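Undergrad: One structure is given below, represented as structure tokens, and several questions about it will come after.
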Amino acid sequence: MARILIVFSTIDGHTLTICERLQQMLQAQGHEVNLTSFENENEVPLVLEQFDKIILGASIRYGKHRPNVGAFIQRNRQVLDSRPTAFFSVNAVARKATRNTPETNPYLKRFLEQIAWQPRVAAVFGGKIDYPRYNAFDRNIIRLIMWITKGPTDPKSVVEFTDWEQVQSFGRRVSDL
Ligand SMILES: Cc1cc2nc3c(=O)[nH]c(=O)nc-3n(C[C@H](O)[C@H](O)[C@H](O)COP(=O)(O)O)c2cc1C
């Protein structure tokens, strides 16, 4: 039984949904799991030393994770290096079978190359495209990107690309750490 902390960065909520799935799964295995966002953690910092394992999860928007993800890692580098950690990225590019691993996903690859911290387990999950939710600017840009990359372009569509088996497998690897 481990005390596990999951810190997430989301804008439209899908990364949180993935975290909740991981939380349920890990709790069912008897672990104690706390969930918080990077924003909350910045305002009311947690005592990270209290946790046996730490999972960080963040979505991509316009090519990047939010800056507070990197800032959190820098600030807490010592604690993160001293215990088992895992990281996952959520993005639309990962819907492609050729772009859904830490070695093949451009965002995760670049992120891990840019930071000194290396999580023991890394993963990338396909995100969700929810056109009705976006403002006109974002909707049109994402439709253009999807058109170029042969994804869904119907402005009324909501498409989830997450492979939940991949999420389960990540959860099992974290549990085994
Ligand atoms: C405005 C906007 C920009 C995005 N930019 C990218 C991008 O550059 N690359 C990509 O693969 N996915 C991109 N996505 C897709 C998101 O990563 C995906 O929708 C993800 O599920 C969002 O997670 P969240 O709901 O936790 O924020 C973008 C989505 C939006 C709405």
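Values quoted throughout were computed directly from the atomic coordinates according to the rules given, and no laboratory measurement underlies them. What you are looking at is a predicted structure, and each value in this text was computed from that prediction instead of being measured. Every residue, glycine among them, receives a Cβ derived from its backbone with ideal geometry; neighbour counts consider all protein chains shown.
Undergrad: Which whole-number percent of Cα pairs in region 1-69 have a distance greater than 19 Å?
TA: Taking all Cα-Cα pairs of region 1-69, the fraction more than 19 Å apart is 33 percent.
Undergrad: A further question follows. In vacuo Debye scattering of region 73-177, one point per C-alpha: log10 I(q)/I(0) at q = 0.16, 0.17, 0.23 Å⁻¹?
TA: -0.79, -0.86, -1.18
Undergrad: Another question, then. How big, on average over all directions, is the shadow cast by the Cα convex hull of region 20-106, in nm²?
TA: Directional mean of the projected Cα hull area for region 20-106 stands at 6.7 nm².
Undergrad: Would you mind telling me which residue in 133, 66, 99 has the biggest mean-square fluctuation in a Gaussian network model of the chain, where springs connect alpha carbons within a distance under 10 angstrom?
TA: Of the options given, 133 has the highest mean-square fluctuation.
Undergrad: Counting each DSSP H run of 4 or more residues in the chain as -39500 (n - 2.57), what helix-only mean residue ellipticity at 222 nm follows after dividing by all residues, to the nearest 500 deg cm²/dmol?
TA: Calculated mean residue ellipticity at 222 nm is -11500 deg cm²/dmol.
Undergrad: Can I ask one more? Would you order 56, 177 from fewest to most other beta-carbon atoms within 10 Å of each residue's own beta-carbon?
TA: The fewest-first ordering by Cβ neighbours comes to 177, 56.
Undergrad: In a GNM of the chain with a 10 Å cut-off on Cα contacts, which of 126, 13, 63 has the highest mean-square fluctuation?
TA: Answer for the Gaussian network model of the chain: 63.
Undergrad: Quick one: Karplus J couplings for region 32-44, per residue in order, coefficients 6.51, -1.76, 1.60, θ = phi - 60°, nearest Hz, x for Gly and Pro?
TA: Taking θ as phi minus 60°, the curve returns 9, 10, 9, 10, 8, 8, 4, 5, 4, 5, 5, 7, 10 Hz for region 32-44.
Undergrad: What Rg and what Dmax come out for region 57-132 when only alpha-carbon atoms are used, in angstroms?
TA: 12.7, 43
Undergrad: Rounded to two decimals, what is Rg over Rh for the chain when you use alpha-carbon atoms and the Kirkwood radius?
TA: 0.97
Undergrad: Please find, in a Gaussian network model of the chain (springs between Cα atoms separated by less than 10 Å), the residue of 124, 44, 79 whose mean-square fluctuation is greatest.
TA: 44
Undergrad: Still on this structure, please answer the following. Can you say what percent of the DSSP beta bridges in region 1-145, counting only those with both residues inside, are antiparallel? Round to 5.
TA: Here the antiparallel bridges make up roughly 5 percent for region 1-145.
Undergrad: Near residue 150, which lysines are there with a Cα under 18 Å away, not counting those fewer than 8 places off in the same chain?
TA: Within the straight-line limit of under 18 Å, residue 150 reaches these lysines: 96, 128.
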